[in-house]
Amino acid sequence: QHYLEQHHVPYEVVQHPHSTRSLESASTAHVDPERVAKAVVVEGRQEGSTCYLLAVLPASNQLDLHQLQREAGLKLRLATEEEVGQLFQDCELGAVPALGQAYGVETIWDDSLQTNSDLYFEAGDHERLIHMKTGDFLGMLGESPHGRFSHHS
């Protein structure tokens, strides 16, 4: 929330009963899962160095890791819980916000996020979602890369 306020982006916080997955958050908050942006942390390797990416896609979709590798041009694997915990220290595991730049993590987003006028994403815990206009969200991502790397589950 501090990051959003610093960047003067309008948003609202939506409380919901405790949930452990993005799909469950959508259900408990009574939101269409296509409008919930879930964040998946992946680790990439290129020329001997390691980097992390935050892949953002609709909660209704599954990540296609092979397609993401093609989009990113990196060999990727899902990050471990320990790695995610180190990157997102103020967040509960499994509740990573879809704004990697707030944590210094490059973000890549799925083009299917553009289909709705607004979206929701985890606020860093399992009881709150951030709600904002899709245009504002994509504006915050700036020049972050994007493509098609998910499919409807």
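The values are calculated or read from the model by the stated rules, or taken from the named source; none is laboratory data. All values derive from a computational prediction rather than experimental measurement. A quick note on method: Cβ atoms are made from the backbone with ideal geometry, for glycine too, and the neighbour counts reach across all protein chains shown. Just so you know, the surface numbers come from the protein's heavy atoms only, side chains and all, with ligands and any DNA or RNA stripped out. Shrake-Rupley method; radii C 1.70, N 1.55, O 1.52, S 1.80 Å.
Some notes on this structure:
- Of the strands (runs of 3 or more DSSP E) lying entirely inside segment 82-153, those carrying at least 2 residues that are in contact (Cβ under 8 Å) with a residue 60 or more places away in the chain and among the aromatic types (Phe, Trp, Tyr) are 118-122.
- Cross-chain or 6+ apart pairs with Cβ under 8 Å, segment 38-49 first and among the aliphatic types (A, V, I, L, M), then in a loop (DSSP other than H, G, I, E, B) and buried (at least 20 other Cβ atoms within 10 Å of the Cβ): ALA39/VAL96; ALA39/PRO97; ALA39/ALA98; VAL41/ALA79; VAL41/PHE88; VAL41/VAL96; VAL42/ALA79
- For segment 58-76, the set of residues classified as open to solvent by 30 Å² or more (accessible area, probe 1.4 Å) and under 29 Å from GLN1 (Cα atoms) consists of GLN62, LEU63, ALA72, listed by residue number.
- Yes/no for THR50 being outside any helix (DSSP H, G or I) and modelled with pLDDT under 95: yes
Conditions tested, residue by residue: (1) open to solvent by 20 Å² or more (accessible area, probe 1.4 Å); (2) in contact with a strand residue (DSSP E or B) (Cβ under 7 Å, 6 or more places away or on another chain); (3) at pLDDT 95 or above; (4) of a type in the set (Ser, Thr, Tyr).
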{"site": "PRO97", "(1), (2), (3), (4)": "no, yes, yes, no"}
{"site": "SER117", "(1), (2), (3), (4)": "yes, yes, yes, yes"}
{"site": "PHE121", "(1), (2), (3), (4)": "no, yes, yes, no"}
{"site": "GLU127", "(1), (2), (3), (4)": "yes, yes, yes, no"}
{"site": "ILE130", "(1), (2), (3), (4)": "no, yes, yes, no"}
{"site": "THR134", "(1), (2), (3), (4)": "no, yes, yes, yes"}
{"site": "HIS146", "(1), (2), (3), (4)": "yes, yes, yes, no"}
{"site": "SER153", "(1), (2), (3), (4)": "yes, yes, no, yes"}
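- Pick from segment 19-47, criterion part of a helix (DSSP H, G or I) and hydroxyl-bearing (Ser, Thr, Tyr), ranking: most open to solvent (accessible area, probe 1.4 Å): SER27
- Segment 6-33 - residue that is aliphatic (A, V, I, L, M) and touching a Ser or Thr at 6+ places or on another chain (Cβ under 9 Å) and, of those, modelled with the lowest pLDDT: LEU23
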